[in-house]
Amino acid sequence: MNRISAARTAFLGGLASFMILILTASQSLGADLDWIDADTLQVEGRAFEDRNSTWDRLPAEAEGVVRGPVWNLSRHGAGITIRFKTDSPSVSVRWRLRSGDLAMPHMPATGVSGVDLYGRTDDGWRWAGCGRPEAIENTVTLVQDLPVASRDWMLYLPLYNGVDSVEIGVDSGSELEALPDRGKPIVFYGTSITHGACASRPGMTHVAILGRRLDHPVVNLGFSGNGRLEPEVGRFLVEIDASIFVLDCLPNLDGAATAARTVPMVRQIRSAHPEVPIVLVEDRTYADAFFSPKRAKRNRENREAFRKAYESLLEDGVENLLYVSGDTLLGDDGEATVDGSHPTDLGFMRQADALEPALRSALQLEKEQG
């Protein structure tokens, strides 16, 4: 046997052994685990009870009321979290996706279709592990070999894919219970950016980051390309018993649409929630606006229309409105997007930094109102 043939034989033999090892590990993953339907635990990010499917973001009655693209996107898991406590030395997850489109050209599979686990520490929530999807059905151990002690966990579902089922796996005999309900959520209505494009994993959107920083429940009603301040969406938005409403739809609007739709949306919310704080967020500056007059013009016209709408609402006596400028929402160095529009993890962190003061002020207003 020549050296090339010998090397080939050795390689194939090693590959076969490796595949057997992987298969064995996969098969044994659940051997000593107890699996629990995640829907029996504390779920945040689902604001409606009557749903077509367990993990939808809009209620069943929204189908046929909102536009088709909005309905389809509402079936993604963006912002939905499973909250639980366990003393298990390991935490595993088994999830079945609705679509085999695991990734996008500008967004990895971990963000589009993966799951993301955080654990509570003395200093707040800390990242623990990300489940990387490889197929429709996935089983992953996210943490293991921990000392036996009761810990709080929070699992984020996929951003741009739906799930048909989610199960939490813990070591056999371990305790597992739902964490308590945390009350009224902060509700974000927005575009693909709110939806989560292009975070590397579900816990890295600004919505998720702010939820952890404020230790407050959040609802993500971001609809990629379709966050348009539409009254049909507003009809369901106002059904939510929210602590704050955040309107962040300008990236899907132009100046004329912003001028036409902002005041009606605020008034639609105010008719159902007279005192709940509303945070108005300008569109982020396109990272390439410095070199693109067209994009710079769109930013400028959107913001001018939005500011005028805000000022007219104040003049009409509408209270508890907060306004966040978009000039430096993603920083001012042009380094925080994947394509000039959608944030990287850095961009989402900067956006969370920009929104946090307004949300803290809004929560204080909500607290003072009882």
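Checked against (1) over 23 Å from Lys367 (Cβ atoms); (2) part of a strand (DSSP E or B), Val246 passes all but condition (1). Among the strands (runs of 3 or more DSSP E) contained in the stretch 91-177, which hold 2 or more residues that are closer than 23 Å to Gly45 by Cα and among the charged types (D, E, K, R)? By residue number, 91-97, 115-121, 151-156, 163-171.
Only one residue in Gly222, Gly255 is of a type in the set (Gly, Ala, Ser) and touching a His at 6+ places or on another chain (Cβ under 6 Å), so which one is that? Steps first, answer last, please.
On the way: Gly255 fails: touching a His at 6+ places or on another chain (Cβ under 6 Å).
On inspection, the qualifying residue turns out to be Gly222.
Pairs are defined by a Cβ separation below 6 Å, a sequence spacing of at least 6 or placement on different chains, a first member in the stretch 207-225 that is in contact (Cβ under 8 Å) with a residue 60 or more places away in the chain and outside the structural domain of Asp123 (by TED's automatic domain parsing), and a second member that is surrounded by fewer than 19 Cβ atoms within 10 Å (Cβ to Cβ) and assigned to a loop (DSSP other than H, G, I, E, B); the pairs so defined are Pro217/Arg182.
Count, please, the residues in the stretch 118-136 that happen to be surrounded by fewer than 17 Cβ atoms within 10 Å (Cβ to Cβ), over 25 Å from Ser224 (Cβ atoms) and touching a residue at least 40 places away in the same chain (Cβ under 8 Å). Steps first, answer last, please.
From the stretch 118-136, those surrounded by fewer than 17 Cβ atoms within 10 Å (Cβ to Cβ) are 121-124, 126-127, 132, 134-136; that's our starting set.
Checking the rest, the ones that are also over 25 Å from Ser224 (Cβ atoms) come to 121-124, 126.
Pick out the ones that are also touching a residue at least 40 places away in the same chain (Cβ under 8 Å) and you get 124.
Result for the stretch 118-136: 1.
Scan the stretch 261-268 and give yes if some residue there is free of Cβ contacts under 8 Å to residues at least 60 places away in the same chain and under 22 Å from the mean Cα position of the chain (by Cα), otherwise no. No, that holds for no residue.
The values are calculated or read from the model by the stated rules, or taken from the named source; none is laboratory data. Just so it is clear, the model here is predicted, and its values are computed rather than measured. Every residue, glycine as well, gets a Cβ built from its backbone with ideal geometry; the counts of neighbours run over all protein chains shown.
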